[in-house]
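Engineer: Encoded as structure tokens, here's the structure I'll be asking about.
Each reported figure results from applying straightforward, stated rules to the coordinates on display, with no laboratory input. Treat the numbers as computed from the prediction; the structure is a model and nothing was measured. Here Cβ is always computed from backbone atoms with ideal geometry, including for glycine, and neighbour counts include all displayed protein chains.
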Amino acid sequence: MKPAYLKPFLIVVFIVLIDQIIKTWVRTNMYLGQDIHFLGDHGMLHYTENNGMAFGMELGGDFGKLVLTMFRIAAVVAIGYGLVYLIKHKYHRGLVMCVALILAGALGNIVDSTIYGVLYQHGQIFYGRVVDMFYFPLLSGNFPQWVPIWGGQDYIFFRPVFNFADSAISVGVIAILIFQKRYFKHEVPELSSPNSEMVEE
């Protein structure tokens, strides 16, 4: 493999490996719903599984789960092709690394959706549940009664439970948004001609 391709794909392999090590440890050492606190009540491992997208969002029913898994597979193929394209055409290294992070995160959750279905759910390939564990409820309280819609309701920030793969996707996307001007910088040719002059009357 050419050096330009080696580093991004090593990062993909490394992130997927770490993601699966964490998920396997959680599956084999915790029970569903168990908490292991490491930042008091504001940071913990909370073992949960979901059928859906990043941060516990879901599509309804078995059909929704199958559609989501197929979408994930198609997305990984597209992102993988995009990563190769970016490397081949020598795009900014930061952009290449961000796309590598997104690809790694997507692959990590695909392993759950496919292989975990076979290993843990009676041979149901494509119907595996994604393992989530990181939970950081940093702030909690009640909305004042005068707040529209949510007045009087409880709130928690940050509520979603996520995994290492979700984190890789988020870091990649956020970095692209922050540094997009640097990553997609291009020169705009000047539209001028020495023969075109304005003649004043």
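Engineer: What percent do you get for the relative contact order of the range 3-183 when only Cα pairs under 8 Å and 6+ apart count?
Structural biologist: Answer for the range 3-183 is 28 percent.
Engineer: Could you rank the peptides 147-153, 160-166, 8-14 by their average count of other C-beta atoms within 10 Å per residue, with the highest value first?
Structural biologist: For the peptides 147-153, 160-166, 8-14, the packing ranking is 160-166, 8-14, 147-153.
Engineer: Could you tell me the convex hull volume per residue, in Å³, taken over the Cα atoms of the range 3-183?
Structural biologist: Each residue corresponds to 151 Å³ of Cα convex hull volume.
Engineer: Neighbouring Cβ atoms within 10 Å as the yardstick, rank I169, I102, I176 fewest first. Mind showing how you got there, number by number?
Structural biologist: On the way: I169 21, I102 24, I176 17.
Final ranking by Cβ density, sparse to dense: I176, I169, I102.
Engineer: Considering amide H positions built from the backbone, and no H for Pro or chain starts, which residues 5 or more places from D132, or on another chain, come under 5 Å of its amide H?
Structural biologist: Under 5 Å from the amide H of D132: T48, E49, N50.
Engineer: If I take R0 = 35 Å and measure r between the Cβ atoms of D41 and V67 in this structure, what FRET efficiency does the formula 1/(1 + (r/R0)^6) give, to the nearest 0.05? Could you put the intermediate results ahead of the total?
Structural biologist: Details: r = 37 Å, r/R0 = 1.05.
E between D41 and V67, to the nearest 0.05, is 0.40.
Engineer: Same structure again: Over 25 Å between Cα atoms: which of K7/K181; K7/K88; K23/K181 fall into that group?
Structural biologist: Pairs exceeding the cut-off: K23/K181.
Engineer: While we're looking at this one, here's another question. Please give, to one decimal in nm, the separation of the simple spin-label points placed at I156 and F184, each 7 Å out from Cα toward the Cβ.
Structural biologist: 3.6 nm
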